[in-house]
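Reviewing the structure listed below.
What follows is calculated from the coordinates using simple rules that are stated; it is not laboratory data. Here the structure is a predicted model, which means the values were calculated and not measured. Here the Cβ is made from the backbone with ideal geometry for all residues, glycine too, and neighbour counts use every protein chain on show.
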Amino acid sequence: MSSKHFISDPTHLVTSALHSLTLTNPGLALDTHHKVIYRRPGYGPASQRVHIVSGGGSGHEPSFGAMVGPGLLSAAVAGTIFASPSAEQIRAGIMARVDHASHGEDGGVLVTVMNYTGDVLNFGVGVEKARAAGVKVEMVVVGDDVGVGRTKGGKVGRRGIAGTVLVHKISGALAAQGRSLNEVAKVARLVAENLVSVGASLEHVHVPGRAKPDASSAEYLKDGEVEIGMGIHNEQGSSREAVELPEMVSKMLAQMLDQSDSDRAFLHVNSNEVVLLVNNLGGVSVLEMGGIVAEVVAQLEKRYNIRPVRILSGTFMTSLNGLGFSITLLNVVNTDIGGPSMIELLDFPCEATGWSSPISKGTWREKNTATREQDASIGGDIKPGGLKMDGSAAQHALTRALETVVAVEPEVTRYDTVVGDGDCGIGLKRGAEGKRDDDSPPGGALLTDAAILSHLQANQLSGDAVVDVANIVPVIEREMDGTSGALYAIFFNALVASLRAQGQGEASPKVWAAALRQSCDTLSRYTPARPGDRTLVDALYPFVEVLEQTGDVRQAAEAAQEAAEGTKGMKASLGRTVYVGGSGFEQVPDPGAWGLASFFLGLAGIKKGDEGWEKL
């Protein structure tokens with residue numbers, strides 16, 4: 001594919017494209033700093049109590065920003081091209097760019113996100129931060145792609161692709177009618193559960209600002225070849241074949257509808273009503289899309305006796321200028337909420353340029369210039385939770401635990417060099433210790449990369465468990481990156497909320513155990529990792545379980561260490577270790593589990609000496 005672009009600077013491209021949405025629809029505003037497109041105050045039905053926030057990497061336009069408007073999304077958060085927005089961007093979108101506060105207990109936010117690891121984790125952090133602040137939030141993850149089957153998808157599951165826009169349209173219509181968060185979230189999940197999609201493309205797309213792949217690379221498709229099941233970020237599909245359109249459509253429909261294919265029979269399309277969406281991935285002419293739609297509809301009727309009650313064709317979710325298309329089928333089911341059907345919600349009027357819906361004369365005449373300018377930054381007073389602890393003792397124990405993490409960094413790094421990319425130990429150390437600014441005065445504060453230890457030096461723990469954990473969370477989010485950083489951020493945001501839920505009184509080990517258990521349950525909603533998958537969870541769960549049983553931190557820490565040691569020889573199901581291969585996993589424990597177990601040992605007063613671990 002040609003590497004020529006009118007705008008080659010990807011940063012300028014994303015920012016200017018977001019700005020253009022406010023030009024084509026004057027009812028929208030842009031938070032440039034956080035890259036959030038949102039509806040201006042007063043733009044939309046006054047009866048709406050629930051607001052829907054979505055987003056993802058740029059390059060999929062008109063999703064997600066152009067789907068913002070009455071009857072659809074209330075806000076959309078944009079990442080860089082093909083990359084998830086950050087948790088801080090998402091938090092700002094949920095907390096400061098939609099009106100969830102004026103409706104009190106009746107208000108709420110539904111967050112919808114496609115099933116990609118970075119999106120799920122970063123949106124998960126944003127959701128947990130909002131919950132910790134008292135906002136009612138539900139999150140629905142959409143995985144509709146059948147191009148990758150159960151075997152290859154594993155625990156990660158199906159990717160989210162164009163079917164996601166049907167979730168947006170139907171749930172957005174219900175929210176516009178003033179329905180509750182529980183009802184809107186329920187119907188969104190029903191739609192997501194009844195979707196199947198698959199795509200195909202003649203070429204991989206070229207991302208502006210990146211080098212063009214050469215003809216010898218795995219990304220290159222020869223003339224006449226088509227990749228069936230290609231993802232919307234150039235991910236590999238199920239097969240690469242030289243086939244004409246009729247045979248290609250036949251193969252795509254079979255992946256969605258063949259119940260004998262145990263690897264891909266994700267949905268039994270048995271409803272009397274089926275919705276068909278044929279989506280242009282960005283580079284197919286309108287003329288050719290017409291021919292594709294006709295072929296798909298003909299085969300559905302002839303081979304499967306399916307006559308869709310609604311047929312949508314157009315550009316809804318792209319892969320930049322991808323020379324391909326995707327097919328989505330929605331199995332229409334009863335919503336069981338005593339109200340409109342999925343079809344009625346699909347037909348409900350909306351006003352969003354991405355839904356090929358014209359902007360009304362009234363919107364243009366109104367010339368709405370209102371914005372939401374409230375501060376979207378982290379800060380403000382944290383309401384005490386009433387769980388009391390000895391602040392001085394907690395400060396000493398936490399400092400000791402973090403110093404232990406710093407001490408074992410070389411060991412963790414060595415393990416991760418064998419089974420990963422070697423950055424696990426550095427990441428943990430950075431979160432614990434940070435990096436001292438060379439220009440700091442002797443004995444002065446850590447001015448750059450100030451992590452938890454320096455935070456504790458500058459801020460003594462108050463003795464209120466909720467306040468003290470909440471104050472540490474922003475440090476974790478700022479300093480710990482990658483997948484493990486997102487996991488820790490989700491866990492600690494959830495811990496703030498679960499500690500607050502324990503009520504008032506003494507923050508005893510049993511109380512901490514109960515809060516930690518709730519946080520584990522929350523974490524499990526965002527990652528399929530469980531004990532036995534060779535991840536940090538292998539050390540986390542035993543610590544919590546033994547603490548629940550005994551109330552003894554030392555016994556719990558020793559259980560975590562034993563479990564971490566037990567990951568040696570355990571074959572990974574998740575994480576980079578899966579791709580590294582080799583036999584290194586037989587020689588070393590999981591680096592993440594070992595680092596976390598070391599933290600627990602330090603917390604319990606067991607430190608690493610020259611000849612092993614020793615009790616203080």
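Okay, here's what the table says:
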{"quantity": "Kirkwood Rh and Cα Rg combined as Rg/Rh, region 387-615", "calculated": "0.95"}
{"quantity": "Cα centre as origin, Lys/Arg/Asp/Glu Cβ charges: the chain dipole, Debye", "calculated": "1200 debye"}
{"quantity": "Spacing of the two label points (7 Å from each Cα toward its C-beta) at residue 407 and residue 374, in nm", "calculated": "4.6 nm"}
{"quantity": "Net +/- balance of residues flanking residue 69 in space, Cβ distance below 10 Å, scoring K and R +1, D and E -1", "calculated": "0"}
{"quantity": "Highest-first arrangement of 90-96, 272-278, 309-315, 241-247, where packing means the average Cβ count within 10 Å", "calculated": "90-96, 272-278, 309-315, 241-247"}
{"quantity": "Viscosity 1.002 mPa s, temperature 20 °C, Stokes-Einstein D of region 447-571 from Kirkwood C-alpha radius, µm²/s", "calculated": "138 µm²/s"}
{"quantity": "Given charges at beta-carbon only (K, R positive; D, E negative), |dipole| of region 387-615 in Debye", "calculated": "440 debye"}
{"quantity": "Region 239-287: proportion of alpha-carbon pairs further apart than 16 angstrom, %", "calculated": "59 percent"}
{"quantity": "Unit charges at the beta carbon, dipole of the chain: most positive-side option, 472, 200, 50", "calculated": "50"}
{"quantity": "Two-site FRET efficiency, residue 19 against residue 286, from Cβ-Cβ distance with R₀ of 22 Å, rounded to 0.05", "calculated": "0.25"}
{"quantity": "Two-decimal Rg to Rh for region 1-150 - Kirkwood Rh, Cα set", "calculated": "0.98"}
{"quantity": "Estimated FRET transfer efficiency when R0 is 51 angstrom, pair residue 9-residue 504 (beta carbons, to 0.05)", "calculated": "0.40"}
{"quantity": "Dipole of the chain, positive direction: furthest Cα of 79, 316, 255, with charges on the beta-carbon", "calculated": "316"}
{"quantity": "Theoretical gain in end-to-end length, residue 151 to residue 343 [0.36 nm per residue, Cα-Cα removed]", "calculated": "65.8 nm"}
{"quantity": "Reach of residue 136 by Cα under 20 Å, taken over lysines that are not fewer than 8 positions away in the same chain", "calculated": "186, 383"}
{"quantity": "When region 10-351 is reduced to its Cα atoms, the Kirkwood hydrodynamic radius in Å", "calculated": "20.2 Å"}
{"quantity": "Value of [θ]222 nm, deg cm²/dmol, for the chain, DSSP H segments ≥ 4, -39500 (n - 2.57) each, nearest 500", "calculated": "-13000 deg cm²/dmol"}
{"quantity": "Residues 455, 60 arranged by fewest to most Cβ contacts within 10 Å", "calculated": "455, 60"}
{"quantity": "404, 535 arranged by Cβ crowding within 10 Å, fewest neighbours leading", "calculated": "404, 535"}
{"quantity": "Sequence ranges 409-419, 359-369, ranked by mean other-Cβ count within 10 angstrom, highest first", "calculated": "409-419, 359-369"}
{"quantity": "Farthest positive-ward along region 387-615 dipole, Cα basis, beta-carbon charges - from 596, 485, 549", "calculated": "549"}
{"quantity": "Global geometry of region 115-198, whether rounded, prolate or oblate, following the gyration tensor of its Cα atoms and the 1.5 cut on a/c", "calculated": "oblate"}
{"quantity": "Candidate aspartates and glutamates for bridging to residue 568, where Cα separation is under 13 Å - those fewer than 8 sequence places away on the same chain excluded", "calculated": "416, 533, 538, 586, 590"}
{"quantity": "Chain lengthening between residue 250 and residue 426 when straightened (0.36 nm per residue, less Cα-Cα)", "calculated": "58.4 nm"}
{"quantity": "Euclidean distance between Cα centres, region 42-106 to region 220-250, Å", "calculated": "33 Å"}
{"quantity": "Cα pair distances in the chain, grouped into 20 Å bins until the bin that holds the longest one, percent each", "calculated": "19, 49, 29, 3"}
{"quantity": "Lysines whose Cα lies under 26 Å from that of residue 4, excluding same-chain neighbours fewer than 8 positions away", "calculated": "35, 212, 222"}
{"quantity": "Protection proxy ranking, peptides 297-303, 62-68, average beta carbon neighbours within 10 Å, highest first", "calculated": "62-68, 297-303"}
{"quantity": "Using a Förster distance of 41 Å, the FRET efficiency for residue 360-residue 521 (Cβ separation, nearest 0.05)", "calculated": "0.35"}
